[in-house]
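Worksheet: one structure, shown below.
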């Protein structure tokens with residue numbers, strides 16, 4: 001994935017910079033050299049290195065999942081049981097942390113090494129801060145967690161006029177607290193035509209937080225316009241974007257983050273990835289993991305769905321799931337590709353050809369996951385276990 005410093009667009013999405021018979025030299029969790037094995041193993045620093053053989057395997061950057069709702073209110077989705085922040089309020093922080101860690105470990109087993117996690121989407125300040133405190137404790141265990149404050153205007157009760165106090169509370173109370181305590185890197189918002197939408201993004205900008213926008217409704221033009229004007233890092237979903245709005249994104253810095261797993265689980269419309277890519281937009285892929293609505297945490301599945309339903313090439317999908325996902329989280333300077341100076345975040349696939357990612361729908365092709373130079377997951381054998389080892393984990 002060696003390439004330009006800016007997000008990949010157009011033909012650049014196809015350039016994976018594959019090295020046949022390649023090697024990586026890692027020191028203190030950082031990539032020191034990447035290149036042909038013969039050259040790397042002749043370096044002076046390599047003489048005392050520990051060798052890990054990946055012969056016959058694919059080594060690639062760890063996936064960057066740039067849009068998840070990991071700590072969504074628990075329970076199955078149904079009209080009788082709508083999402084409730086009161087459920088999150090009632091769960092002890094210790095249990096919430098254990099649940100989040102279990103999901104993060106499952107993501108690591110499937111090759112994700114950096115993940116964005118949003119707070120619940122209501123206006124409850126206590127719940128948002130509770131989630132952010134839990135995420136702060138999990139920031140590097142085992143993955144890099146990028147926290148995001150999310151607000152959905154539709155979840156605030158009443159009409160647009162009666163929702164304005166909720167907007168003000170966010171801008172005047174919650175966001176300054178989050179910024180002072182450095183609890184979040186981004187603030188995300190979902191709104192259609194709410195007059196406070198643009199004001200919220202401006203308040204976020206003034207506080208120095210990154211901006212993200214949910215644009216999953218039938219008329220995303222206003223959201224796209226506001227996101228571009230306010231310098232949003234990413235505009236996510238975009239299932240209903242038109243060619244006109246795609247052309248605007250093609251000229252903008254914002255990343256278009258597409259979520260095929262959400263459309264797959266919801267039997268909804270898929271984002272027009274080809275229109276966006278052909279317009280010059282920088283496209284990223286993410287899972288939209290949500291235990292209620294999108295219970296898929298495997299970025300390999302997102303890649304496979306993008307090839308099948310978004311009509312992306314596998315090379316485009318791999319770029320979108322790694323380096324462009326890192327750009328969507330403003331961390332491409334140190335993750336998302338295997339280049340000297342970057343963190344040694346990588347996965348070893350149990351296949352000899354990366355193109356098997358397109359066809360391995362629902363499978364886990366990851367043999368090993370490395371984070372900051374340490375293997376945090378290794379595929380184990382299948383064998384009977386003695387009864388004395390079958391003890392409950394609790």
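Observations, loosely collected:
- The set of residues in segment 246-268 that are modelled with pLDDT of 95 or more, more than 25 Å from residue 99 (Cβ to Cβ) and part of a loop (DSSP other than H, G, I, E, B) comprises 251, 252, 253, 254.
- Looking only at residues of segment 203-222 that are in contact with a strand residue (DSSP E or B) (Cβ under 6 Å, 6 or more places away or on another chain) and part of a loop (DSSP other than H, G, I, E, B), we find that the one that is modelled with the lowest pLDDT is 216.
- Matching residues, segment 305-336, being closer than 19 Å to residue 234 by Cα, in contact with a helix residue (DSSP H, G or I) (Cβ under 9 Å, 6 or more places away or on another chain) and assigned to a helix (DSSP H, G or I): 306, 316, 317, 318, 319, 320, 321, 324, 325
- Of all residues in segment 269-304 being in a helix (DSSP H, G or I) and touching a strand residue (DSSP E or B) at 6+ places or on another chain (Cβ under 9 Å), the one that is nearest to residue 112 (Cα to Cα): 299
- Residue match in segment 242-249 (condition: touching a residue at least 24 places away in the same chain (Cβ under 8 Å), out of contact with any helix residue (DSSP H, G or I) (no Cβ under 8 Å at 6 or more places or on another chain) and closer than 21 Å to residue 217 by Cβ): yes
The values are calculated or read from the model by the stated rules, or taken from the named source; none is laboratory data. Keep in mind that this is a model prediction, so the values were computed, not measured. For neighbour counting, all protein chains shown are included, and Cβ atoms are generated from backbone atoms with ideal geometry for every residue, glycine included.
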